[in-house]
Amino acid sequence: MEGKPGEFIQVDNIIALTEEESTFKGAFLDTPAEKQGLLMGLAKVILTEQDPQVVFERMGITNLPKLEKDEKYEFNLSSVGLTLRQLKKDHTKQVGKAKEPWSSSNWGSVRILFKGFNIDGSYEDLLDDIAKKLQTSDAKSRVVGIFKSMVTPKSGEIGKEKGRAKDIAREKVAQTLSEALDEQPNVVALYAGGFKPPHLAHFENAKFLGSKADKLIIYIGHRIRLGVAIDPQQSYAIWEIYAKYLAKN
């Protein structure tokens, strides 16, 4: 940016093949990331909370293939569109590629799917609505998990206002939905260090601490390690990979 050394803008080029697809993508991408995360999570669980046949009827979805005993339907929402997936499950693990017997790039379909939920308010309004209207603990826990996976500070956002806002939103969603379930964490483990870089011993330490607690918080030192320069953002990125194998919040 001219006159602002070290500052840049990001330009996203969005391609749509039809006017309807363009409107859908515009509506989705104009939605704040925090609200996107809630909507994506809600789409995943709505068929476990409401009678699928009632949902399909109001959506105008007909002539769906018959499910096998180990299959189920699940909606998926993204910037590309709204799809209905036919999933084959082995317990909680998906097996094979999901079939998509129905899809829509009409934003009106999203409104119909979420009928009864306040999707036009702020993300806080929608969060409160979800906490009140979702009935099962599995559904609420899944919304929290999807939100945390989708609303994650990018490397350039860490330590900045946008990154802090995402961290606050992640905590708020987890707290609001856990309070709705009356499932507050009991033990919190704290692990602090330079982590430049996080190595195998760090991972094993975090794994041990996580086994003794309900939640694990890792603090990364702000200094850049001399020699082979490693900054906090690179350390954070490695911990994000490790976190997938810690099985711990």
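Just a few scattered comments:
- Charged side chains reduced to their Cβ positions (Lys and Arg at +1, Asp and Glu at -1) give the chain a dipole of some 840 debye around its Cα centre.
- Neighbour cut-off at most 15 other Cβ (10 Å), DSSP loop, trypsin sites (Lys or Arg not before Pro), region 28-121: 66, 69, 97, 115
- Within the listed set 51, 125, 167, the residue fluctuating most in the Gaussian network model of the chain (springs between alpha-carbon atoms under 10 angstrom) is 51.
- For the pair residue 160 and residue 133, label points projected 7 Å from Cα toward Cβ lie 3.5 nm apart.
- Value of [θ]222 nm, deg cm²/dmol, for the chain, DSSP H segments ≥ 4, -39500 (n - 2.57) each, nearest 500: -14500 deg cm²/dmol
- Once the Cα-Cα distance is subtracted from the 0.36 nm per residue extended length, the residue 190 to residue 30 segment shows a gain of 53.9 nm.
- Cross-link pairs beyond the 29 Å C-alpha cut-off, checked among 4/154; 133/215; 88/244; 99/166; 162/244; 99/212: 99/166; 99/212
- Rounded to 10°, Cα long-axis angle of helix 161-181 versus longest principal axis of the chain: 60 degrees
- Of all DSSP beta bridges confined to the chain, the antiparallel ones make up roughly 70%.
- Crossing angle, helix 137-150 versus the chain [Cα axis fit, 0-90 degrees, rounded to tens]: 60 degrees
- Within the chain, longest stretch clear of exposed chymotrypsin sites (Phe, Trp or Tyr not before Pro) (DSSP loop, no more than 14 other Cβ within 10 Å): 9-244
- When the chain is treated as a Gaussian network with alpha carbon springs shorter than 10 Å, the biggest mean-square fluctuation among 201, 33, 213 belongs to 201.
- Contact order relative to length of region 188-243, as percent, for alpha carbon pairs under 8 angstrom and 6 or more apart: 43 percent
- Lys pairs, region 16-83 - Cα-Cα below 21 angstrom, 8 or more residues apart or on other chains: 6
Since every read-out is calculated from the coordinates, none of them should be taken as a lab result. Keep in mind it's a predicted model, so treat the numbers as computed, not measured. Cβ atoms come from the backbone with ideal geometry, glycine included; neighbour counts cover every protein chain shown.
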